[in-house]
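A.B. asks: I'd like to ask you about the structure that follows.
FYI, it's all coordinate maths here, none of it is from the lab. Quantities reported herein were computed from a predicted structural model and do not represent experimental measurements. Glycine also receives a Cβ, built like all others from the backbone with ideal geometry; neighbour counts cover every protein chain displayed.
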Ligand SMILES: O=c1ccn([C@@H]2O[C@H](COP(=O)(O)OP(=O)(O)O[C@H]3O[C@H](CO)[C@@H](O)[C@H](O)[C@H]3O)[C@@H](O)[C@H]2O)c(=O)[nH]1
Ligand SMILES: [Mn+2]
């Protein structure tokens with residue numbers, strides 16, 4: 001084990017921790033006061049709904065009473081959800097690491113680190129991108145004999161294997177080059193693109209040339225899908241493992257150690273392994289969770305790193321020190337002992353200035369995750385996370401760590417391959433008590449939660465220099481599908497046997513339970529948002545007032561205050577986190593779109609799954625876009641383009657708000673002026689919804705490019721919205 005001389009150091013360590021945890025008391029107190037004022041007004045609104053007389057003409061009392069009741073219920077929901085949302089703002093903390101102390105204390109005597117990179121589809125996850133990720137971690141600032149990189153290929157693709165084999169060759173130049181010149185970032189593509197203006201040394205030029213040659217070979221092989229014959233000969237050991245009838249869903253285990261740094265092999269490049277676990281149509285493969293578990297077992301017989309880093313194939317390492325940062329927490333002798341995993345935020349390199357699809361989740365990563373950390377630790381979110389191997393395999397907090405001695409013999413490849421077979425997990429605890437959990441579309445969140453319930457904490461690190469950087473969805477549909485999967489998954493966590501509310505009681509603190517609920521309640525929160533927005537618009541159309549009179553009534557105060565204060569605060573928070581005004585506006589739109597499409601479908605998917613009419617699926621997010629679409633993305637023009645039920649819903653809602661506002665406005669002009677007072681707030685709400693929807697109207701009515709809303713969706717939305725409004729008008 002690596003901690004020789006622990007005792008000798010102990011006295012010194014007491015006042016030299018490897019990390020410290022900070023908080024900002026002043027700001028937190030100010031926030032709590034503000035938060036109390038909002039809460040007061042929320043109660044006032046509840047009171048209004050319960051006590052205020054329903055103003056209406058006699059013929060419609062029954063209907064109006066019912067609408068009033070719905071408004072009451074939704075407002076209670078919003079109020080309670082708001083309370084839940086306070087938990088990640090109540091007690092935020094920040095972690096600071098001391099890598100210099102780590103180096104002084106441990107030198108190169110660091111624990112073994114196994115990096116798992118997952119890929120699943122060579123078309124939407126191009127192998128060149130994947131190997132850039134692999135190369136970036138292979139060049140981490142870490143002793144190469146202690147580091148291993150495993151690529152799990154759920155696509156079972158010869159092309160991906162070929163790309164990795166090429167990368168293994170290139171790594172022999174790249175890794176030493178990075179270390180010698182202290183290069184950042186260490187993904188060759190990212191590094192070379194920021195050096196586009198010219199190189200400062202002959203070595204740099206040589207590396208650039210080699211990279212370009214390798215990239216060209218991989219891309220040529222990708223286009224017609226043909227791998228050069230010399231390569232087939234050179235890496236025959238690997239290629240021979242593909243049967244002639246192998247497909248991505250039906251093939252045996254393929255395992256190839258491309259660089260072997262075990263046992264006395266002196267290496268400059270870390271161990272590099274390609275794994276494509278066995279897949280058979282009759283066995284469920286459990287998506288990424290299945291891949292992770294196969295990796296955990298296979299790596300345990302090859303390098304058996306005590307620490308595991310999990311990365312999606314698009315998330316390259318942007319900061320070569322990140323592993324050391326994480327170790328400052330995991331190796332810290334005091335506080336670090338109770339921390340199971342260290343999560344970094346998901347950052348993206350392809351974001352535009354105003355982040356049209358709100359992919360960055362700015363506030364989530366700059367505010368909420370720090371808040372979760374103060375309450376017991378952030379969620380495990382699948383990528384950019386450093387785990388302790390034995391904890392992910394089931395060790396409880398308080399149990400002693402079993403020190404695994406390196407075995408003297410090197411296991412036979414065939415024996416290791418059996419660990420990645422379809423049948424290996426039958427009648428075992430894998431996917432249940434061991435490894436990453438199965439059966440949930442957010443395997444990461446549920447796994448992290450269960451680890452916390454075993455007594456562990458986690459820590460959140462968000463250094464200025466982004467640790468890992470990936471690719472965010474570049475069109476609306478992909479983003480909505482991704483959120484549909486997440487909202488469905490998070491809701492299933494709530495309903496599962498590991499539910500933070502039921503199972504977590506007594507195991508994790510109330511703050512953290514609420515923190516999890518912020519995300520777990522995404523799917524059900526679609527219903528109140530939908531009801532509230534649609535009712536407000538339809539009642540505006542009908543002339544039924546739902547809110548107190550503007551200015552002339554005391555009851556107006558809480559509504560006015562909550563609306564202004566909540567939005568002003570959310571804008572301020574967004575700007576503090578470095579966002580732009582437009583970015584905030586875009587985020588409000590995505591907030592609405594996610595709730596009225598993704599989350600609703602996520603809710604329906606969950607219900608369908610509960611009653612057993614559908615199976616879970618994992619729609620992989622594409623990491624490439626075709627050229628024209630990419631151009632529109634750069635210009636922040638919203639991309640529709642596909643026919644989708646989610647678009648039909650968004651289109652219908654958008655049209656509905658527009659019709660309602662237009663009708664009410666006409667009535668206002670032609671007849672009574674007093675509407676302004678009684679219907680004022682409704683005009684504001686529907687008006688804001690219409691303005692938010694502007695890009696949607698453009699996409700439906702004004703644009704001609706390929707990214708516009710498909711004609712059928714536009715027509716159907718129009719017809720549906722018009723019929724709804726007509727029905728309501730004559731009700
Ligand atoms: O059957 C599968 C499906 C996916 N993946 C990999 O899983 C990763 C995540 O997939 P992606 O399509 O990029 O989904 P995202 O929604 O971007 O992923 C986020 O959300 C997922 C579910 O919570 C987590 O698994 C991810 O780590 C997290 O980054 C990718 O590297 C895939 O190659 C597999 O290995 N096998
Ligand atoms: Mn992704």
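A.B. asks: Kirkwood Rh, segment 442-551, all Cα pairs: how many Å?
C.D. replies: Roughly 17.2 Å, rounded to one decimal.
A.B. asks: Related question: State log₁₀ I(q)/I(0) for the chain at q = 0.07, 0.10, 0.11 Å⁻¹ as given by the Debye formula over alpha-carbon point scatterers of equal weight, solvent excluded.
C.D. replies: Log10 of I(q)/I(0), two decimals: -0.54, -1.05, -1.23.
A.B. asks: Another one. So if I take the centroid of the Cα atoms in segment 586-648 and the same for segment 497-535, what is the distance between those two points in Å?
C.D. replies: Their Cα centres are 21 Å away from one another.
A.B. asks: Also: Rounded if a/c is under 1.5, else prolate if a/b is larger than b/c, else oblate: which is segment 299-381, with a ≥ b ≥ c the root eigenvalues of its Cα gyration tensor?
C.D. replies: Since a/c reaches 1.5 but b/c is at least a/b, the shape of segment 299-381 is classed as oblate.
A.B. asks: Let me ask another. What angle, in degrees between 0 and 90 and rounded to the nearest 10, separates the Cα long axis of helix 581-593 from the longest principal axis of the Cα atoms of the chain?
C.D. replies: The angle comes out near 80 degrees.
A.B. asks: Next up: Could you put 158, 335 in order, starting from the residue whose Cβ has the fewest other Cβ atoms within 10 Å?
C.D. replies: Going from least to most buried by this count: 335, 158.
A.B. asks: Then there's this: Which log10 I(q)/I(0) values does segment 372-507 give at q = 0.11, 0.16, 0.17 Å⁻¹ under the Debye formula, counting every alpha carbon as one identical point scatterer?
C.D. replies: Values returned for q = 0.11, 0.16, 0.17 Å⁻¹ are -0.55, -1.06, -1.15.
A.B. asks: For the pair residue 108 and residue 30, what calculated FRET efficiency results from E = 1/(1 + (r/R0)^6), where r is the Cβ-Cβ distance and R0 = 35 Å, to the nearest 0.05?
C.D. replies: 0.15
A.B. asks: Could you check what % of the DSSP bridge pairs in the chain are antiparallel, to the nearest 5?
C.D. replies: Approximately 45 percent, going by the DSSP bridge assignments.
A.B. asks: Just from its helices, what would the mean residue ellipticity at 222 nm be for the chain, if runs of 4 or more DSSP H residues each count -39500 (n - 2.57) and the sum is divided by every residue, rounded to the nearest 500 deg cm²/dmol?
C.D. replies: Calculated mean residue ellipticity at 222 nm is -16000 deg cm²/dmol.
A.B. asks: Sticking with this structure for a sec: Measure nothing but the geometry: give the 0 to 90° angle between the long axis through the Cα atoms of 127-138 and the longest principal axis through the Cα atoms of the chain, rounded to 10°.
C.D. replies: The angle comes out at about 70 degrees.
A.B. asks: Could I ask something else about it? Which distance in Å, rounded to a whole number, links the C-alpha centroids of segment 73-132 and segment 697-713?
C.D. replies: Result: 38 Å between the Cα centres.
A.B. asks: Based on the Cα atoms of segment 255-351, what semi-axes does the equivalent ellipsoid have, where each is the square root of 5 times one gyration tensor eigenvalue, given in whole Å with the largest first?
C.D. replies: The equivalent ellipsoid of segment 255-351 has semi-axes of 25, 20, 16 Å.
A.B. asks: Okay, moving on. Angle check, please: helix 711-729 long axis (alpha carbons) against the longest principal axis of the chain (alpha carbons), in degrees 0 to 90, nearest 10.
C.D. replies: So the helix axis and the longest Cα principal axis differ by about 30 degrees.
A.B. asks: Ranking 434, 666, 655, 71 by Cβ neighbours within 10 Å, fewest first, what do you get?
C.D. replies: Ordered from fewest to most neighbouring Cβ atoms within 10 Å, 434, 666, 655, 71 come out as 666, 434, 71, 655.
A.B. asks: Counting alpha carbon pairs within less than 8 Å and at least 6 residues apart, what relative contact order, in whole percent, applies to the chain?
C.D. replies: 16
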